[in-house]
1. Given 37 °C and 0.692 mPa s, compute D for the chain with the Stokes-Einstein relation, Rh being the Kirkwood radius over Cα pairs; round to the nearest whole µm²/s.
2. Quick check: the angle from helix 10-61's long axis to the longest principal axis of the chain, C-alpha only, nearest 10 degrees?
3. Could you calculate the contour length gain from residue 45 to residue 19, that is, 0.36 nm times the residue separation minus the distance between their Cα atoms, to one decimal place in nm?
4. At a 10 Å Cβ-Cβ cut-off, how would you order 16, 97, fewest neighbours first?
5. Would you mind calculating the gained length between residue 28 and residue 96 on full extension (0.36 nm times residue separation, minus the Cα-Cα distance), in nm to one decimal?
6. Taking the dipole about the Cα centre of the chain, with the C-beta of Lys and Arg at +1 and of Asp and Glu at -1, give me whichever of 26, 47, 74 is farthest to the positive side.
7. I need to check one value: relative contact order of the chain, counting alpha carbon pairs closer than 8 Å and at least 6 residues apart, in percent.
8. Only loop residues by DSSP count here, and only those with at most 16 other Cβ atoms within 10 Å; note down the GluC sites (Glu not before Pro) in region 30-96 that meet that.
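What follows draws every value from the coordinates through simple rules; no lab data is involved. Quick caveat, the model's predicted, so the values are computed rather than measured. Here Cβ is always computed from backbone atoms with ideal geometry, including for glycine, and neighbour counts include all displayed protein chains.
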Amino acid sequence: MKKNQKGFTLIEMMIVLLVISVLLIVTVPNIAKHSSNINDKGCKAYVKMVQAQVQAYEIDKKAIPTITQLETEGYLNGGDTPCPDGTVITIGLDGVVYAGPVQ
């Protein structure tokens with residue numbers, strides 16, 4: 001009497017695990033690389049947005065604002081106004097917005 005047993009053998013399971021492992025080894029570094037690229041682009045976009053708000057403040061108030069003034073007067077929402085990667089935004093004395101310390 002023969003039983004019709006269907007299932008995977010140990011060798012088949014090991015081959016599937018090997019294929020999955022190779023795919024993970026190939027994709028994980030690419031994902032990490034693209035994540036930092038996304039954060040850089042997000043920070044650049046955020047700096048441009050803050051620069052536009054600085055210009056709007058200058059038009060309205062005829063003065064160069066600080067980050068605190070932009071927040072308290074409703075030009076920006078948020079606390080420290082960091083970039084998506086955590087870099088702090090600063091405004092120079094000339095009204096130019098920088099990601100990081102004032103240059």
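1. Using the Kirkwood radius from Cα pairs, D works out to 187 µm²/s.
2. 10
3. Contour length minus Cα-Cα distance gives 5.5 nm.
4. With the sparsest Cβ surroundings first, the list reads 16, 97.
5. Result: 20.8 nm gained on full extension.
6. Ranked along the dipole, the leading option is 26.
7. Rounded, it is 21 percent for the chain.
8. 73
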